[in-house]
Amino acid sequence: MTLGILAALHDEVDSLVAAMRHEDARATIHRIGMRDYHVGHLHGQACVLVLARVGKVAAAATTATLVREFGVEEIVFTGLAGGVGDGVRVGDIVIASETMQHDLDARPLFPRHEVPLLDRSRFPADPDLTEALRAAADGFLREDLPTEVPPAVRERFGIGTPALKLGLIASGDQFINAATAVAGLRECLPDLLAVEMEGAAVAQVCHEYGVRYAVMRTISDRADDSAHVDFPAFLKDVASHYSDGILRRFLAARA
Ligand code: ADE
């Protein structure tokens, strides 16, 4: 079974691509629609790695290509998110139990957030993939964090003891960086844990093709007016290590 792994930003896939090229001398690169699909093995698993780029359209186009051109039957999206739920802090990990598009609104023709003509607003993540990611993230936080992201680095970003949470992730074509926007989201989606810009688009395409999906996000900010601060540094020094370490554990456990 081939697994597709997507991310929105370079730092989130680069080391996995390097690991694939190291492990699998026969790995190939297919350029389709301005994206490079890296096809090969990681921890013995058949995988396709791809940088989707940012936003729902980018994620949907990449997901459809993964399914139609490469026959992937499972997809994992890894990346960053803004924490919105109570107690969701920078450095925490949020894994989606379900995803939805917070900016989709075709009222009065369809209820707010419902995907028109698909009769649903929320897309459950695959329980097995999600549990495997949860176990990998738990192992990473318990055993790998001290070496992967040393205390001095965590202190720089105000990360104490990171928590692992499972719940609703909402996607939209907006980088949320205002407390008022967060308050609006919390009001209409009381169970919302985190916001990002791709997960629900992947989920919708996976639903349409009958492919299993899961989303894992490292919380980089609180989606308020300090959300942009140190974003690139956080990605390089913290999130890329989370993503790499958790996916390695996830793949090793499947081998
Ligand atoms: N990804 C990381 N932080 C985000 C935010 N605040 N809004 C949307 N996507 C994000």
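The values are calculated or read from the model by the stated rules, or taken from the named source; none is laboratory data. Keep in mind it's a predicted model, so treat the numbers as computed, not measured. Glycine gets a Cβ as well: all are built from the backbone with ideal geometry, and neighbour counts include every protein chain shown. Note: areas computed on protein heavy atoms with side chains; ligands, DNA, RNA excluded. Shrake-Rupley method; radii C 1.70, N 1.55, O 1.52, S 1.80 Å.
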Protection-proxy order for peptides 153-166, 239-252, each taking the mean of Cβ atoms within 10 Å per residue, highest first:
239-252, 153-166
Just for the chain, what percent of DSSP beta bridges are antiparallel, to the closest 5?
40
Keeping every protein chain present and rolling a 1.4 Å probe, give me the accessible area per residue for the chain in Å².
44
Sequence ranges 46-59, 102-115, ranked by mean other-Cβ count within 10 angstrom, highest first:
46-59, 102-115
